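Read through the structure below, which is laid out as structure tokens, and then see the notes.
The values are calculated or read from the model by the stated rules, or taken from the named source; none is laboratory data. Values in this document were obtained by computation on a predicted structure and should not be read as measured data. As a convention, Cβ positions derive from the backbone with ideal geometry for all residues, glycine included, and neighbour counts pool all protein chains shown. Calculation scope for accessible area: heavy atoms of the full protein, side chains included, ligands and nucleic acids excluded. Shrake-Rupley method; radii C 1.70, N 1.55, O 1.52, S 1.80 Å.
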Amino acid sequence: MKAPAQATRTAPRSYQWTMPSSWWLRKRHYFLYVLREFTALPMALWLLWLLFDIKSAGSAGFQPPRSIGFVVFSAVCFVFATYHSYTFLKLAGVIMHVKAFDRPVPPRLVVLTMFGLWALASVVIGAVLIGFAR
Amino acid sequence: MSTDAHLQHAHKPAFAHLFWWFMFANGGGLAALVLPVHILVQGILGPLGIVPVVDQHQDTWISVLGNPIVKLYLLVLIALSFFHFAHRLRYLLVDFGVAAAKSTPAQVIFYGGAVVVTLATIWILLTTAPI
């Protein structure tokens, strides 16, 4: 058994590097990256509200969402959701490698297609939500 | 372990990774394509009275929710999105230096939370406006 002083001398020394807590504020890119990741939280909260709205549809005391507080909450979530859509669909050209007639489809065309799909889906969903209302 | 056996082991398909990445990528894609218009119409335009929206009246909302295609759509939208959110929020904590977010309990909490939301969605969709 080694003496305590000797044990201290021979113990492996490791360098513990820690990221400064404000790393994401240092560069605009870092901030935008964290903002992109954070978009998940407001979108999750809004979907939880949608689930509550679905559940309350079956109850006798149904109250349609009309408060100004809810509109403000939705407006904030909308900004984050739109940012999520923009950043996620913009990456499609990098992530998706599509071939047509044995030739790779240019990434720009993939991104354009995804944004086109976003517009189309928005029109269709919007038309259903409004068109089936009385 | 022989080289052949080692190679065979190394090339074993990572089905768990495949599943989680499928849920993450498709959840993010679906949320990107359809969530903004839901929030805009159901969360802003409808409540402000700018346009009529299905969920502003109980009879129309129940009628639409009774459609099995709508139920399936809402289940896929909510469930996939939550698997995406779980992954993003866990890694956001990792990026902020929360080492515990890498642990197995954290994975159980985040992805388990997505499973709980999925099960709750199935229950709510089946019990509200039954088919």
Checklist entry - Which of the residues belonging to the range A:104-114 are part of a helix (DSSP H, G or I) and open to solvent by 60 Å² or more (accessible area, probe 1.4 Å)? => result A:Pro107, A:Arg108, A:Leu109, A:Leu112, A:Thr113
Checklist outcome for this item: Every listed condition ((1) under 29 Å from A:Ser67 (Cα atoms); (2) open to solvent by 50 Å² or more (accessible area, probe 1.4 Å); (3) not β-branched (Val, Ile, Thr)) holds for A:Phe31 save (1)
Next on the checklist: So, in the range B:42-57, exactly how many residues are open to solvent by 60 Å² or more (accessible area, probe 1.4 Å), facing chain A (nearest Cβ under 7 Å) and either of a type in the set (A, V, I, L, M) or part of a helix (DSSP H, G or I) (or both)?
Outcome noted: 1
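Which of the residues that make up the range A:52-72 are facing chain B (nearest Cβ under 7 Å) and part of a helix (DSSP H, G or I)?
Restricting attention to the range A:52-72, the residues satisfying the condition of being facing chain B (nearest Cβ under 7 Å) are A:53-55, A:57-58, A:62, A:64-66, A:70-71.
Passing the criteria: A:Asp53, A:Ile54, A:Lys55, A:Ala57, A:Phe70, A:Val71.
Can you tell which of B:Pro130, B:Pro105 is open to solvent by 70 Å² or more (accessible area, probe 1.4 Å), in contact (Cβ under 8 Å) with a residue 40 or more places away in the chain and either more than 18 Å from the chain's Cα centre (by Cα) or over 20 Å from B:Gln42 (Cα atoms) (or both)? Spell out the reasoning first.
Details: B:Pro105 fails: in contact (Cβ under 8 Å) with a residue 40 or more places away in the chain.
Checking each option against the conditions leaves just B:Pro130.
With surrounded by 19 or more Cβ atoms within 10 Å (Cβ to Cβ) and closer than 26 Å to A:Ala60 by Cα as the only criterion, which of B:Ile39, B:Ile62 stands out?
On inspection, the qualifying residue turns out to be B:Ile39.
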Checklist entry - Assuming B:Phe83 fulfils every condition listed in (1) surrounded by fewer than 16 Cβ atoms within 10 Å (Cβ to Cβ); (2) more than 14 Å from A:Leu48 (Cβ to Cβ) apart from one, which condition is it? => result (1)
Item to check | Lone qualifier among B:Phe22, B:Phe15, B:Phe83 - being closer than 19 Å to A:Leu91 by Cβ and modelled with pLDDT under 95 | outcome: B:Phe22
